[in-house]
Amino acid sequence: MIYRYFGGLDGLLVEWAKRHDYYSFAYSEFIDTIKRTEDGDIRQIVKDVLMCQLNYLKDNVLMQELLVWELSGHSSFKGIIEERERIGYKLQEELNKFLDKGGDNNMSIAIIISAINYIVLFTRQYHKINGIDFSKPEAWERMEAMISKYVDFIFGNNCL
């Protein structure tokens with residue numbers, strides 16, 4: 001049946017990713033909030049987007065597997081990667097309308113997203129990074145707190 005409806009396992013995974021990849025639905029989840037925001041609330045929205053990504057990826061083993069497959073060079077996922085980039089960038093552009101025009105917002109967010117992805121994927125196999133044991137819920141709470149501090153620092157408050 002998989003071959004009949006999806007053309008094989010790769011086709012099934014592509015279809016799954018279109019519906020379950022975080023950035024496939026993050027734009028629609030946050031766009032109304034962004035458009036209704038006041039300038040002062042934008043940092044909280046950035047935090048919410050990043051925290052949702054962290055928790056979604058941390059709790060979704062299939063999404064983790066998809067990222068691992070992508071990183072290993074499976075070319076059949078090129079469309080998924082391009083779609084994630086397109087929608088993620090579209091979300092970033094909406095956020096940029098409210099963020100400091102002088103900063104490199106895209107790079108700042110890319111570094112935080114990359115850190116989230118790396119730490120979640122790395123700690124699937126190895127629980128400790130820099131002495132922090134991610135098998136304990138406190139480590140994830142610390143990570144959320146630090147992401148929040150980074151967002152405040154990058155987009156206004158300037159103190160970690």
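Some values worked out for this structure:
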{"item": "Inter-residue pairs, beta-carbon under 8 Å, first among the aliphatic types (A, V, I, L, M) and in segment 90-119, second at pLDDT 90 or above and outside any helix (DSSP H, G or I), 6+ apart", "result": "I119/I129; I119/F134"}
{"item": "Among the residues listed as V14, V46, the single one being closer than 25 Å to A139 by Cβ, touching a residue at least 60 places away in the same chain (Cβ under 8 Å) and in contact with a helix residue (DSSP H, G or I) (Cβ under 8 Å, 6 or more places away or on another chain)", "result": "V46"}
{"item": "Only listed residue being hydroxyl-bearing (S, T, Y), in contact with a strand residue (DSSP E or B) (Cβ under 9 Å, 6 or more places away or on another chain) and part of a helix (DSSP H, G or I), chosen from T33, T123", "result": "T123"}
{"item": "Any hit, segment 136-159, residues being at pLDDT 85 or above, among the polar types (S, T, N, Q) and surrounded by fewer than 16 Cβ atoms within 10 Å (Cβ to Cβ)", "result": "no"}
{"item": "From the options Y27, Y23, residue that is crowded, with 17+ Cβ neighbours inside 10 Å, in contact with a Gly (Cβ under 9 Å, 6 or more places away or on another chain), touching a residue at least 24 places away in the same chain (Cβ under 8 Å) and over 21 Å from W140 (Cβ atoms)", "result": "Y27"}
{"item": "Selection from segment 107-141 of residues that are over 25 Å from Y23 (Cβ atoms) and either in contact with a His (Cβ under 9 Å, 6 or more places away or on another chain) or not acidic (D, E) (or both)", "result": "Y126, H127, K128, N130, G131, I132, D133, S135, K136, P137"}
{"item": "Members of segment 49-77 found to be polar (S, T, N, Q), in a loop (DSSP other than H, G, I, E, B) and either free of Cβ contacts under 8 Å to residues at least 40 places away in the same chain or crowded, with 18+ Cβ neighbours inside 10 Å (or both), listed by number", "result": "S72"}
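Residue-by-condition table, conditions (1) out of contact with any Lys or Arg (no Cβ under 8 Å at 6 or more places or on another chain); (2) surrounded by fewer than 17 Cβ atoms within 10 Å (Cβ to Cβ); (3) at pLDDT below 85:
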position	(1), (2), (3)
Y3	yes, yes, yes
F6	yes, yes, yes
V14	yes, no, yes
R19	yes, yes, yes
E38	yes, yes, yes
D41	yes, yes, yes
Q44	yes, yes, no
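For (1) under 13 Å from the mean Cα position of the chain (by Cα); (2) modelled with pLDDT under 85, each residue gets a yes or a no:
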residue: M51; (1), (2): yes, no
residue: D59; (1), (2): yes, no
residue: E70; (1), (2): no, yes
residue: S75; (1), (2): no, yes
residue: G79; (1), (2): no, yes
residue: G88; (1), (2): yes, no
residue: N105; (1), (2): no, no
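The values are calculated or read from the model by the stated rules, or taken from the named source; none is laboratory data. Remember, it's a predicted structure, so these values are computed and weren't measured experimentally. Counting neighbours? That spans all protein chains shown, and the Cβs are built from the backbone with ideal geometry, glycine included.
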